[in-house]
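The next block holds one structure in the form of structure tokens; read it before the comments.
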Amino acid sequence: MLFGMADPIKKALVKSGYRVREYATIGELIPGMAYLVRRLLENTSNESFLRSKFAENVSTEILLKDPAENLTPTNSLEPKQPGRYYNEPLIDWVNAPARQQMKTALQKMKKQFGETVRPVINGKEISSKNKISRENPAHTSETVGHVELASIEDADNAIEAAKKAHPEWSRKSASERAQILLNLADIFRRERYSLMALQVYEVGKNWSEADGDVCEAIDFLTYYAADILRLEKGERVSYASGEDSHYEYRSRGVALVIAPWNFPLAILTGQVAASIVTGNTCVMKPAEQSSLIAARLMKYLTEAGCPKGVVNFIPGLGEEVGRHLVAHKDISTISFTGSMNVGLEITKECAKVQPGQHQIKRAIIEMGGKNAIIIDSDADLDEAVMGVLYSAFGFQGQKCSACSRVIVLEENYDRFLGRLIEAAKSLIVRDPADPHSFIGPVVDQEAYQRIRNTIETSKSSARLVFETEVPEGGYFVSPTIFADVNPDSELAQEEIFGPVLAVIKVRDLDEALKVANGTKYALTGGLFSRSPANIKRVREEYECGNLYINRGITGAMVGRHPFGGYKMSGLGSKTGGKEYLLHYLDPRVVTENTVRRGFAPPEV
Ligand code: NAD
């Protein structure tokens, strides 16, 4: 036993006839201090037996009780508290039946390859001659399905249908509208594995990423369904005697939803749910790359009880049908998530008033990022390496929140980089239908070419420190790490939207913050540090919409981490948060003079 500690226990052991050997640490001072600190942390922790016994006088019965007795549940087994929001639990792949269900769903989905999806206007499927095929990004020889694209005329008809459906839909009570979202959430739960399987094949998500996306879609539905009930009540704002003044909200009209492919169900569902639960009707234009999943959303909306015309499905090309919809005089609100260039174009177009337009368009714009994680000199590198790897390479770096720059204080630079490279070697690049796959293919040929070109041109300006073999036959790009990257170079400034990470060395925290804030974006950011003073400073000075401390920077959860950026990353509208639905509503105040001048008989 350690010399100088727990002497009564030693005595008790000797008295019981045991031989006790005492030891003392010897050696160099600094490692010795580290040992001492570890002992102090151990012995003073809330769970420590020694602390309980010697400092808190906890009784022997409690100290020796079966640890499994009266365990406090810390997971979803905890009884739900009324009024609190709960996220949909992710699948635990440790359970064999879950793995089996996913395998079966993938096999079944493969048998359905080749289906064709079509635009839906006013509840009716419309045929079109203009058709695109969606190939499996992991095996480009396989065609997952076909999409008949909406024409300009279809787009006009969809707006007309949404406009006609608006008066009746907007008069429904908030709870009636919310119920449709809750019905849809139940359908998603029922179809969970099949929706995930389609994501694996259509956009190349691995099992866990696809699960995350479906759960997030369910979360948006349940969160907005609850939140509209809060907003529907409005609020009394005047307590002056003789006056009743009430603050309340109205829907705006026809909302246009334009979504990206990278969270093919979650983002689209979130935008559509917010549009309709607030009493607007909707024209939904998904990304070309994820129209098959979007068609499922349309199908299940109908099954959930959404009346015809309330949501109209317009798969089509962004530059053609998307642009036309944005410019249309009868669109009141544009809900866009996608790249900065398109977002800025929409913002500009949105400001132009068209002949016959009766309402100023409002744009809700969520765009890209060039997100960085700062690694402080005292960061826990075990955590930092894992946090950076997952944030940079999860779903092939194709998340708007992905880490594409890691800014390391020079004291830790070589150590961090060495460990990052070693850890990157364990990443498995494989077909996402295989449960071992951590990294799958990028979404399409265009993305593949763009990312490969960026890697090639960056080789002359930065030091390539990691690349690995990738499978053939699909759009696989190796996770790629560049070191000694110049913070002003294109590699460190422009969004790549692929598995490419730039490691930047800085002198101190001043420089780290300058580099972190030195791009046009402000979406997500992170810090690994053990210094309370540095955490406080970064919290105040790092410009980003979602800052994560001592954890990865992706995987925002509805309600827990309302999500969205500012600067050139967006307008700060925060999806999955308390203010989000307000963007789809117009506020009004109704003030009534309640002092009556005479007797008003009650109406019969
Ligand atoms: P994108 O901008 O290419 O496309 C987004 C949508 O806009 C698609 O539906 C597309 O068809 C449509 N579109 C394209 N040109 C258009 C035009 N001229 N007019 C109207 N619509 C048009 O983006 P993407 O490749 O689908 O998605 C990746 C981008 O999205 C990345 O930049 C990523 O950072 C960003 N993103 C941001 C968030 C966020 O919450 N901030 C979330 C996910 C993705």
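Relative to a virtual label point 7 Å from the Cα of LYS80 in the Cα→beta-carbon direction, which members of segment 224-248 show backbone nitrogen distances below 14 Å?
Answer for segment 224-248: 224-227.
When the dipole is taken about the Cα centre of segment 7-68, and only Lys, Arg (+1) and Asp, Glu (-1) are charged at their Cβ, what size is it in debye, to the nearest 20?
Values: 10 positive and 8 negative charges, 60 e Å.
Using only the charged Cβ atoms, the result is roughly 280 debye.
List the residues, sorted by chain then number, that are 5 or more residues from PHE466 or on another chain and whose placed amide H is less than 5 Å from its amide H.
ILE481
Identify the trypsin sites (Lys or Arg not before Pro) of segment 290-341 meeting these criteria: DSSP loop state and at most 16 other C-beta atoms within 10 Å of the C-beta. Before the final figure, lay out each step's value.
Working: sites: ARG296, LYS299, LYS308, ARG323, LYS329; in loops: LYS308, LYS329.
Within segment 290-341, the qualifying trypsin sites (Lys or Arg not before Pro) (loop, at most 16 other Cβ atoms within 10 Å) are LYS308, LYS329.
Counting only residues 5 or more places away or on other chains, whose amide H sits under 5 Å from the amide H of LYS567 once H atoms are built in the peptide plane?
none
Between LEU50 and ASN341, how high is the FRET efficiency from 1/(1 + (r/R0)^6) when r is the Cβ-Cβ distance and R₀ = 56 Å? Nearest 0.05. Kindly include the intermediate steps, with their values, before the conclusion.
On the way: r = 60 Å, r/R0 = 1.08.
Efficiency, from the Cβ-Cβ distance: 0.40.
Once you list every other residue whose beta carbon is under 11 Å from the beta carbon of ARG537, what net charge do they have if Lys and Arg are +1 and Asp and Glu are -1? Don't skip to the answer; put the middle values down first.
On the way: positive: LYS536, ARG539; negative: ASP376, ASP510, GLU540, GLU541.
Net of charged neighbours comes to -2.
Would you mind computing, in nm to one decimal, how far apart the modelled labels at TYR35 and GLU115 are, each placed 7 Å from Cα along Cα→Cβ?
6.5 nm
Counting only other residues whose beta carbon sits under 11 Å from that of LEU527, what net charge do I get with K and R as +1, D and E as -1? List each step's numbers first, then the result.
Values: positive: ARG530, LYS536, ARG537, ARG539, ARG551; negative: ASP376, GLU541.
Net charge in that neighbourhood comes out at +3.
Taking N as the number of residues in the chain, what is its Cα Rg relative to 2.2 N^0.38 Å? Show your work: numbers first, answer last.
Details: Rg = 28.3 Å, N = 604, 2.2 N^0.38 = 25.1 Å.
Compactness ratio reported: 1.13.
Using modelled amide H (1.01 Å from N, peptide plane; none on Pro or chain starts), what sits under 5 Å from the amide H of CYS282, excluding residues fewer than 5 places away?
Answer set, sorted by chain and number: ALA255, VAL311, ASN312.
How much net charge surrounds GLY518 when only other residues with a Cβ under 14 Å from its Cβ are counted (Lys, Arg +1; Asp, Glu -1)?
Values: positive: LYS370, ARG405, LYS514, LYS520, LYS567; negative: ASP488, GLU490, GLU494, ASP510, GLU511, GLU541, GLU543.
Taking every other residue near GLY518 into account, the sum is -2.
Just want the answer: with Cβ charges of +1 for Lys and Arg and -1 for Asp and Glu, which residue in GLY518, GLY418, SER529 is farthest toward the dipole's positive end in segment 371-565?
About the Cα centre, the residue reaching furthest to the positive side is SER529.
Which lysines, if any, have their Cα less than 26 Å from the Cα of LYS10, not counting same-chain residues under 8 positions apart?
Qualifying lysines at Cα under 26 Å: LYS53, LYS65.
If R0 is 45 Å, what FRET efficiency do you get for ASP484 and LEU229 from their C-beta distance, rounded to 0.05? All intermediate terms of the calculation are to be shown ahead of the outcome.
Working: r = 54 Å, r/R0 = 1.20.
The calculated FRET efficiency here is 0.25.
Sort 151-157, 477-483, 349-355, 410-416 by packing, meaning the average of other beta carbons within 10 Å per residue, with the highest value first. Each step should come with its number before you reach the end.
On the way: 151-157: 17.9, 477-483: 23.1, 349-355: 11.7, 410-416: 15.7.
Top of the packing list down: 477-483, 151-157, 410-416, 349-355.
Which loop-located GluC sites (Glu not before Pro) does segment 438-486 contain, where loop means any DSSP state but H, G, I, E or B and the Cβ has at most 12 other Cβ atoms within 10 Å?
Values: sites: GLU446, GLU456, GLU467, GLU469, GLU472; in loops: GLU467, GLU469, GLU472.
The qualifying sites are GLU469, GLU472.
Got a sec? Charge dipole of segment 7-68, +1 on Cβ for Lys and Arg, -1 for Asp and Glu; which of ILE62, TYR18, ASN43 is way out at the positive end?
Positive-end residue among those listed: TYR18.
Among the chymotrypsin sites (Phe, Trp or Tyr not before Pro) within segment 199-273, which fall in a DSSP loop and have no more than 13 other Cβ atoms within 10 Å of their own Cβ?
TYR239
If you rank LYS131, LYS172 by how much accessible surface each has, with a 1.4 Å probe, what is the order from largest down? List each step's numbers first, then the result.
Numbers: LYS131 105, LYS172 60 Å².
These residues rank, largest area first, as LYS131, LYS172.
Taking only complete DSSP H runs, can you tell me which helices of the chain stretch 27 Å or more along their own long axis by Cα positions and average at least -0.5 on the Kyte-Doolittle scale?
Working: long enough: 152-171 (30 Å, -1.09); 207-232 (38 Å, 0.10).
The qualifying helices are 207-232.
What's the FRET efficiency of ASP186 with ILE26 using the Cβ-Cβ distance as r and R₀ = 56 Å, to the nearest 0.05?
Values: r = 66 Å, r/R0 = 1.17.
Calculated value: 0.30.
Arrange the peptides 11-23, 513-525, 397-409, 559-571 so that the one whose residues have, on average, the most other Cβ atoms within 10 Å appears first.
Numbers: 11-23: 9.4, 513-525: 22.2, 397-409: 26.2, 559-571: 20.4.
Final packing ranking: 397-409, 513-525, 559-571, 11-23.
Using a 1.4 Å probe over the heavy atoms of the protein chains, calculate the carbon and sulfur portion of the accessible area of the chain as a whole percent.
Values: 15590 of 29500 Å².
Using a 1.4 Å probe with all protein chains present, the chain comes out at 53 percent carbon and sulfur.
If you bin every alpha carbon distance in segment 449-529 into 5 Å steps from zero, what whole percent lands in each bin?
Per 5 Å bin, starting at zero, the Cα-Cα P(r) for segment 449-529 comes out as 3, 13, 24, 23, 18, 11, 5, 2, 1, 0 percent.
Counting each pair of different Cα atoms once, what's the Kirkwood radius of segment 7-68 in Å, rounded to one decimal?
Numbers: mean 1/r = 0.0709 Å⁻¹.
When all Cα pairs of segment 7-68 are included, the Kirkwood radius is 14.1 Å.
Show that you can apply the helix-only estimate: for the chain, add -39,500 (n - 2.57) for every DSSP H stretch of four or more residues, divide by all residues, and state [θ] at 222 nm to the nearest 500. Could you put the intermediate results ahead of the total?
On the way: 18 runs with 225 residues, N = 604.
So the calculated ellipticity at 222 nm is -11500 deg cm²/dmol.
Considering Cα pairs under 8 angstrom that are at least six residues apart, work out the relative contact order of the chain and quote it in whole percent. Please list the in-between numbers first.
Working: 1192 pairs, mean separation 85.8, N = 604.
Once divided by the residue count of the chain, the mean separation gives 14 percent.
Provide Rg and Dmax in Å for segment 47-198, with only Cα atoms included in the calculation.
Radius of gyration, then largest Cα-Cα span, for segment 47-198: 26.5, 81 Å.
Given a 1.4 Å probe and the protein chains all in place, what does the accessible area of LYS110 round to, in Å² to the nearest 10?
90 Å²
Lysine pairs in segment 371-565 with Cα distance under 19 Å, only those 8 or more apart or on different chains: how many are there?
Details: LYS399/LYS520; LYS459/LYS505; LYS505/LYS514; LYS514/LYS536.
Qualifying lysine pairs in segment 371-565: 4.
Counting heavy atoms of the protein chains only and a 1.4 Å probe, report the per residue accessible area for the chain as a whole number of Å².
Accessible area per residue: 49 Å².
Run the dipole for the chain about the Cα centre, Lys and Arg Cβ at +1, Asp and Glu Cβ at -1, nothing else charged, and hand back the magnitude in debye, nearest 20.
Numbers: 73 positive and 77 negative charges, 214 e Å.
Dipole about the Cα centre, nearest 20: 1020 debye.
Given charges of +1 on the Cβ of Lys and Arg and -1 on the Cβ of Asp and Glu, with all other atoms neutral, how large is the dipole of segment 371-565 about its Cα centre, in debye to the nearest 20?
Numbers: 20 positive and 28 negative charges, 73 e Å.
My answer is approximately 360 debye.
The values are calculated or read from the model by the stated rules, or taken from the named source; none is laboratory data. Note that the structure is a prediction, hence the values are computed from the model and not measured. Cβ: placed from backbone, ideal geometry, glycine included. Neighbour counts: every protein chain shown. What goes into the accessible areas is simple: the full protein's heavy atoms, side chains included, and nothing from ligands, DNA or RNA. Shrake-Rupley method; radii C 1.70, N 1.55, O 1.52, S 1.80 Å.
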